[in-house]
1. How many of the residues in segment 1-49 are outside any loop (DSSP other than H, G, I, E, B), over 19 Å from the mean Cα position of the chain (by Cα) and aromatic (F, W, Y)?
2. I'm trying to understand the selection: among the residues of segment 39-63, which are farther than 17 Å from K81 by Cα and not hydroxyl-bearing (S, T, Y)?
Amino acid sequence: MESYPTRTDIPPWVKIPEDLQDPEVFQVQTLLLNSLFGPQGSRIPYIEQVSQAMFELKTLESSELTEVLVYGSHNNKLRAKWMLQSMAERCRLRQERGMLKLEEAMKTLELGQCGE
C-alpha cells in the first residue's frame, strides 16, 4: 500500500518524489508524544533537521497509539526510526520508574497513617 504524506511543508532535504515513497512506520504510545516531540510537537522541526528526515504522526483509532511515519532517504529514515524508537523506549522506562516511585510513596504514606 502506497502511503504519501499529507504534509505540504516538505523539508528541503527530502527529495520529491523518491524520498516520499515507502516510509518507515512504527507505533508509539500516545502518552509519550509530549516527552518525545515536546508540547504540540515543538521539537519535531529540530529532530527532522538533525536526522535529515520528515515525520508524520497519525493517531490510531484506539488513540492509545500513534503511528509515526518517517520519510527520507533509505539510510536517513532507518536511522531516524531507530533514534525515535530508542528515545520513546527511554521515555517509557523513565515514566514507568516514576510511576513505581509514586506507588512506593503512596504505600509509605498509607503505612505511616496505619501506625498512628
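The numbers here are math on the coordinates, done by the rules we state, and not lab data. Since the model is a prediction, treat every value here as computed from it, not as a measurement.
1. Here the count works out to 0.
2. Within segment 39-63, P39, Q40, L60, E61 qualify.
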